[in-house]
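Mind looking over this structure? Questions follow.
The values are calculated or read from the model by the stated rules, or taken from the named source; none is laboratory data. Since we're looking at a predicted model, the values are computed, not measured. Please note: Cβ atoms are built from the backbone with ideal geometry, for glycine as well, and neighbour counts cover all protein chains shown. When the accessible area is computed, the model is the full protein with side chains, heavy atoms only, and any ligands, DNA or RNA have been set aside. Shrake-Rupley method; radii C 1.70, N 1.55, O 1.52, S 1.80 Å.
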Amino acid sequence: MAIGRGGSTAAGLLMIGSALAIVAACVPKARPSPTTVAGLGQGWSAQDRERWYTGSQGSRLIPEQWLLALEEPEGAGKFMAPAHFARFGYLPSTGSVLPVGFAIDDQPDSGLKATRLRWFAGQGNRERWVGLNCAACHTAEVTFNGHVERVDGGPTLADFQGFTDALLKALRRTRDDPAKWDRFAVAVLAGRDDAANRRLLREAFEQLVAYEENLDRLNATASVYGHGRLDAVGHILNKVAFLTEADPQMRGEPDAPVSYPFIWNANQHDFLQWNGIVPNSKVALGRGRHIDGGALVRNTSEVMGVFADVDVNHEFGRKGFPSSVDTENLIAMEIQLGRLQSPAWPAAFGRIDPGKRRHGERLFKQVCAGCHAPLERTDVTTPITAEMTPIWAPAGVDTDPWMACNAYSYRALGGVMTGGRVIFSPRDEPEIAEEDYTRAYLQAQAIGVLWAKKGPIVKRVAQIALGGTPRIRVAPPGPPPPPPPGALAPEQLSREQRLALCIAKADEPDIAPSADPEQEKRRKTQLTEKRLVSYKARPLNGIWATAPYLHNGSVRTLWDLLQPTEKRAKSFWVGNRAFDPALVGFHDRQSAVGSRFSVADAQGRPIHGNSNRGHDYGNARLDDRERWALIEYMKSL
């Protein structure tokens, strides 16, 4: 898809939607299948859960053999041994050494690039790779008095940054320490350990380490995310910049970590992500069935940022971009996610007081429902319209602006994509630019990846339209990367300049609707861009299970959120899952698995991305009785 300054996903989604509609129109319709209930009444069976936890999206981080043979950086113990790996906070799996959401991808690698590695003679093209799927970041657990509840679709308290930093360190130590290397090679090459295969293993290993080091260089940041937070948008944008192979390349420091959003009801939203950057775009298939082009773009972008292998050389042009993205599983996972209900308040956590709840419901309708429209917990069909709040107010920036502002303002160089066109490019649209907003390259790459996967996508559409229920495929038991970049290109605009750019966009007078096509095109582009410098409100069903609060995880409990902003805790521990059913959030306790969140550094200077201000709509006017009532009501949502 051709892109110009800023870009938009709208045209690409329209084209994808049109193609899907043509397929859907040719197939007879059938009735949807029933659902089952498990856990906190969230609508999934045990089989649904297992598929969600283990199905691959096409993420390929490291060969399974290598990961299981890898030692921890500072010792000879295995990297994946529970004693070492538990510190990262990922949920253990009952049937595998791999945690929840660490999925095996076993697709043929004949069309891939960075992960097409060979480390022993006679090796085939279908090695098992470990990557991450949705469940790694969107599965939670809460405990109270020895009672443990699994919350599917809830925000993880895992430390992604700590995990990836430790993994790269372990890879480097294995490469550089002869004793570690010898033990690693013995484990990986068991039964075929000879000099020739050791040379092959060394070459493949160094290729993977070089690839990860190059990407890590773009993602370098002074920001410490800690448990329960990740600058996912920053990482995705830098992966997009990395894939263009521009040397040197601009980079956007991923310094705006956010809390993982809860994802029940995701298919009902018109726009998704904290700043509404991705629209949903559904194509009806009849009898309540549909396919969502927006979800395909969103999930493809997510997998690209989390270890998908993608080749974006523009010479592929209208054939699209080859990748490891598993679109069949993405569609199946999105359909299963559409049945996920928000979690019910557990009886073991204490009885909800009916009188306080009724009082809280009246207050909620008065002060909260204008942005957070109530939604029944079991409602998985009612459309949800985004309520966007600009990052700029007359009194200045309030809620931390940096996630939204970075997503809007970061730029990159087009590299090998420059001058190319991806499928759906109108003839009068410009070619891919030499420099542009990084989000524009993201759009082009995602559409190109999807077009290259049109065969599997059409297969899934036909299956759904014929009445089938796609199942998430689970793996059964059981060309070199780009050269290192030179010096980085000149940095982005300064932080002050980028903030001024974002504020100017938020304050820009709205363009009036017009019959003139060019004027109307500018108006729609403005609407999209103004959404990017805003944050989204949504229904709060299941909110009790999603602490810490605000988009950047800066407020520990619902009780703190209802306080005047100056009274909110400036620092607290994140990572332990001990739940406080009174204040509704996790206890402020240091534990073996955890890290400390702080609004300011040791010298008292504010940490960019960590502001806990915002969402104060007259909090000081509430008394404690009203706060307790609102909390009691929100437990019931």
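With only Lys, Arg, Asp and Glu charged, each at its Cβ (+1 for the first two, -1 for the last two), find how big the charge dipole of the chain is about the Cα centre; round to the nearest 20 debye.
1480
Continuing with this model, one more query. In terms of Cα to Cα distance under 30 Å, which lysines are near enough to residue 521, apart from those fewer than 8 places away along the same chain?
Leaving aside lysines fewer than 8 places away in the same chain, those within reach of residue 521 are 239, 282, 319, 453, 454, 505, 530, 536.
Grab the DSSP H runs of the chain that are 4 residues or longer, score each as -39,500 (n - 2.57), total them, divide by all residues and round the 222 nm result to the nearest 500 deg cm²/dmol.
-10500 deg cm²/dmol
Would you please classify the overall shape of segment 134-203 from the alpha carbon gyration tensor, given that a ≥ b ≥ c denote the square roots of the eigenvalues, rounded means a/c under 1.5, and beyond that prolate means a/b larger than b/c while oblate covers the rest?
The shape class here is prolate.
Right, something else. Heavy atoms of the protein only, probe of 1.4 Å, neighbouring chains included. What is the accessible area of residue 605 in Å², nearest 10?
Accessible area, nearest 10 Å²: 130 Å².
Pop the C-beta distance of residue 121 and residue 210 into the FRET formula with R0 = 22 Å and round what comes out to the nearest 0.05.
In this case the efficiency is close to 0.45.
Based on DSSP, what percent of beta bridges with both residues in the chain are antiparallel, to the nearest 5?
The antiparallel proportion sits near 95 percent.
Rounded to the nearest Å, what's the spacing between the alpha carbon centres of segment 314-385 and segment 610-637? Just the number, please.
Result: 21 Å between the Cα centres.
Oh, and also: Output the Cα-based Rg and Dmax of segment 505-554 in Å, rounding Rg to one decimal and Dmax to a whole number.
Looking at segment 505-554, its Cα Rg and Dmax stand at 16.6, 48 Å.
How much of the calculated P(r) for segment 542-607 lies past 14 Å, in percent of all Cα pairs? Provide the component values of the computation, followed by the final result.
Numbers: 1219 of 2145 pairs.
Counting every Cα pair in segment 542-607, those more than 14 Å apart make up 57 percent.
Rounded if a/c is under 1.5, else prolate if a/b beats b/c, else oblate: with a ≥ b ≥ c from the C-alpha gyration tensor eigenvalues square-rooted, which is segment 134-257?
Since a/c reaches 1.5 but b/c is at least a/b, the shape of segment 134-257 is classed as oblate.
Which of the peptides 337-350, 529-542, 88-101 is most tightly packed, and how do the rest follow, judged by the mean count of other Cβ atoms within 10 Å per residue?
Numbers: 337-350: 19.9, 529-542: 21.9, 88-101: 18.2.
In decreasing order of mean packing, 337-350, 529-542, 88-101 become 529-542, 337-350, 88-101.
I need the peptides 407-415, 593-601 ranked by packing, meaning the mean over residues of other C-beta atoms within 10 angstrom, with the highest value on top.
407-415, 593-601
Under the 0.36 nm per residue contour assumption, what length would be gained going from the current alpha-carbon distance of residue 347 and residue 94 to full extension?
Numbers: separation 253, 0.36 × 253 = 91.08 nm, distance 2.48 nm.
Extending this stretch completely gives an extra 88.6 nm.
Quick check on packing: order 607-613, 515-521 by the mean number of other C-beta atoms within 10 Å, highest mean leading.
Answer by packing, highest mean first, reads 607-613, 515-521.
Residues of the chain: accessible area per residue at 1.4 Å, in Å²?
Result: 40 Å² per residue.
Something else about it: Please compute, over every Cα-Cα pair in the chain, the percentage with a separation greater than 33 angstrom. Mind showing how you got there, number by number?
Numbers: 92627 of 202566 pairs.
So the pairs more than 33 Å apart make up 46 percent of the total in the chain.
What nm distance separates the two modelled labels at residue 589 and residue 182, each placed 7 Å from Cα along Cα→Cβ?
4.5
How many percent of the accessible area of the chain is carbon or sulfur, using a 1.4 Å probe?
Percent of accessible area from carbon and sulfur atoms in the chain: 56.
So what's Rg/Rh here for segment 90-178, counting alpha carbon atoms and using the Kirkwood radius for Rh? Kindly include the intermediate steps, with their values, before the conclusion.
On the way: Rg = 17.0 Å, Rh = 15.8 Å.
My calculation of the ratio gives 1.07.
Say each of residue 625 and residue 270 gets a label point 7 Å from the Cα, pointing the same way as Cα to Cβ; how far apart are those two points in nm?
The answer from the label model is 4.0 nm.
For an R0 of 30 angstrom, estimate the FRET efficiency from the Cβ-Cβ distance between residue 199 and residue 110 and round to the nearest 0.05. Don't jump to the answer; show the numbers that get you there.
On the way: r = 23 Å, r/R0 = 0.77.
The pair residue 199/residue 110 has a calculated efficiency of 0.85.
Take the Cα pairs of segment 492-637, get the Kirkwood Rh, then feed it into Stokes-Einstein at 4 °C and 1.567 mPa s and tell me D in µm²/s.
My calculation gives 71 µm²/s for D.
For the pair residue 145/residue 519, report the inter-label distance in nm, with labels modelled 7 Å from Cα in the Cβ direction.
6.6
Something else now. Enumerate the lysines that residue 567 could reach by cross-link, defined here as Cα to Cα under 23 Å, with residues fewer than 8 away along the same chain left out.
Qualifying lysines at Cα under 23 Å: 635.
For residue 180, go through the lysines and keep the ones whose alpha-carbon is under 26 Å away, minus same-chain ones fewer than eight residues off.
78, 169
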